[in-house]
Amino acid sequence: MPNSYDDPFKEEKMKKLSEKEHIIWKGEMLKKDEENISPQDAILVLNFEKNKIPNYIGGATFLEIYTAWRLNKKIFFYNPLPNCSFTDELIAMQPIILNGDLSRIK
């Protein structure tokens, strides 16, 4: 689960406190990625449309994907890869594209 799964609006709350507290919190969340991903067999990226961008992946999610790849974990994408500045890097990580079919996870 994402680091802020239990509190999906935590980042917005942290931004309202102060820029410094947000940056500290964000750094702590990024450090947790390896700890969260390491014991898993795979990650599932739920890449839906955001702000009218199809199959959106943000920076933090890209880093989670990279961590999974570096740890030799399977990487599943719910939707096709986005057309963005790091599409080549995503392709190089050889994810499995599910095209919305979760039964394909093996």
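Read-outs: derived from the displayed coordinates by stated rules, not from any lab. On a predicted model such as this, the values are computed, not experimentally measured, just so you know. Heads up, the Cβs are rebuilt from the backbone with ideal geometry, glycines too, and the neighbour counts pull from every protein chain shown.
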| request: Take the chain, connect every pair of alpha-carbon atoms lying under 10 Å apart with a spring to form a Gaussian network, then pick out the residue of M29, M93, M14 with the largest mean-square fluctuation. | output: M14
| request: Could you calculate the contour length gain from H22 to D101, that is, 0.36 nm times the residue separation minus the distance between their Cα atoms, to one decimal place in nm? | output: 24.8 nm
| note | Simple spin-label estimate for D7/L63, 7 Å along Cα→Cβ, in nm, reads 1.8 nm
| query | chymotrypsin sites (Phe, Trp or Tyr not before Pro) within the range 1-44: which are DSSP loop residues with at most 11 other Cβ atoms inside 10 Å? | reply | Y5, F9
| query | Check I96: other-chain or 5+ apart residues with amide H under 5 Å from its amide H, H built from backbone geometry? | reply | I75, F76, F77
| said: Once the convex hull of the alpha carbons of the range 41-106 is built, what does its volume come to per residue, in cubic angstrom? | reply: 76 Å³
| Tell me, how many Å apart are the Cα centres for the range 1-24 and for the range 70-102? | 26 Å
| Rounded to whole Hz, the Karplus (6.51, -1.76, 1.60) HN-Hα couplings of the range 67-73, x for glycine and proline | 4, 4, 4, 4, 8, 6, 9
